[in-house]
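Structure record follows, encoded as structure tokens.
Bear in mind that the values in this text are calculations on the coordinates, not laboratory data. This one's a predicted model, so the numbers in the text were calculated from it and none came from an experiment. Positions of Cβ are generated from backbone atoms using ideal geometry, with glycine treated the same way; all protein chains shown enter the neighbour counts.
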Amino acid sequence: MIHRLDPRSKLVMSIMFATVSIMFLSIIPLLIILASLIPIIIAAKSFRRWLRSMRGLSVLIVFILIINTLISTTENPFSHSLALALRLICIMTSFSVFFLTVHPDELSQAMIQMGIRFEFAFAMSMAMRYVPTLGYEAYAIMDAQRARGVELDKGNLLKRIRNIVPIIVPLIIVSIRRALSIAESMESRGFGATDDRTYLEELVFRKQDWALTILSIGILLIMIYAHLFLAMPQWMLWDLPF
């Protein structure tokens with residue numbers, strides 16, 4: 001169901017959730033937002049992929065918790081740091097709903113139908129396609145370096161940072177070679193030779209897309225109005241006592 005929705009309606013929904021997340025810095029509202037997003041992730045059958053992305057974000061979350069707890073001047077520093085970490089998780093989850101359920105070709109087509117030039121839409125689509133490939137190549141380079149005796153996972157923090165160099169340099173070289181290969185392939189196929197392009201399929205806004213878009217905009221307007229002109233209930237402003 002989620003995968004069949006138009007990318008534009010899902011983009012509006014993701015922007016709505018991210019904007020509402022930015023509006024709050026209390027634990028309870030952010031937990032409610034996260035609890036609203038997780039069923040959507042589950043319905044899209046992307047829960048495991050979302051967990052993997054959150055695992056990659058865990059270092060930054062721990063960094064936020066530690067640093068803000070140490071330097072915060074608020075009454076409850078840990079509570080404030082936890083709210084910041086929850087806000088980051090909500091924002092990342094909001095856009096994960098979009099990027100985990102939209103195929104690069106659909107994203108490109110949606111951007112073109114929104115009036116964005118084909119070159120920019122194509123570049124965005126290529127970037128989305130290349131990120132997983134870059135990850136696979138990074139893992140392959142790491143395995144190759146381990147086979148050569150490079151200890152990537154041992155030593156203190158400074159040594160581990162130095163160990164990144166044998167990974168980054170080959171990865172940059174491989175990326176440049178791939179970019180040149182793609183550029184030559186595009187040129188041989190006459191990319192940009194004509195401005196009049198045709199498409200096999202065009203995205204169409206259906207009833208469920210309109211319903212999701214209207215609902216998302218409605219919720220966003222209500223939350224903006226409530227945030228600006230209404231006093232929040234005391235339970236929504238609850239913080240940890242430390």
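Using only helices, what value at 222 nm comes out for the chain when you add -39,500 (n - 2.57) per DSSP H run of length 4 or more and divide by the total residues, to the nearest 500 deg cm²/dmol? Write out the running numbers ahead of the final one.
Working: 9 runs with 175 residues, N = 242.
About -25000 deg cm²/dmol.
Rg and Dmax in Å for region 1-88, alpha carbons only: what are they?
14.9, 47
Which longest uninterrupted range of the chain lacks any trypsin sites (Lys or Arg not before Pro) assigned by DSSP to a loop state (not H, G, I, E or B) and surrounded by at most 10 other Cβ atoms within 10 Å? Could the numbers behind the result be given before it?
Details: sites that count: R4, R148, K154, R189, R197.
Formally, the longest exposed-site-free interval is 5-147.
Counting only complete DSSP H runs, which helices of the chain cover 18 Å or more along their long axis at the Cα atoms and score a mean Kyte-Doolittle of -1.0 or above?
Once both thresholds are applied, what remains is 7-23, 27-43, 47-71, 77-99, 118-147, 165-188, 207-229.
So how far, in whole Å, is the C-alpha centre of region 1-48 from the one of region 76-130?
12 Å
Quote the Stokes-Einstein diffusion coefficient, in whole µm² s⁻¹, for region 105-155, based on the Kirkwood radius over alpha carbon pairs, a temperature of 20 °C and a viscosity of 1.002 mPa s. Display every interim value, and only then the final one.
Values: Rh = 13.2 Å.
Rounded, D is 162 µm²/s.
Per residue, how much space in cubic angstrom lies within the convex hull of the C-alpha atoms of region 110-204? Don't skip to the end; give the middle numbers.
Working: hull volume 14.1 nm³, N = 95.
So the per-residue Cα hull volume is 148 Å³.
Consider just the alpha-carbon atoms of the chain and return their Rg together with their Dmax, both in angstrom.
22.2, 65
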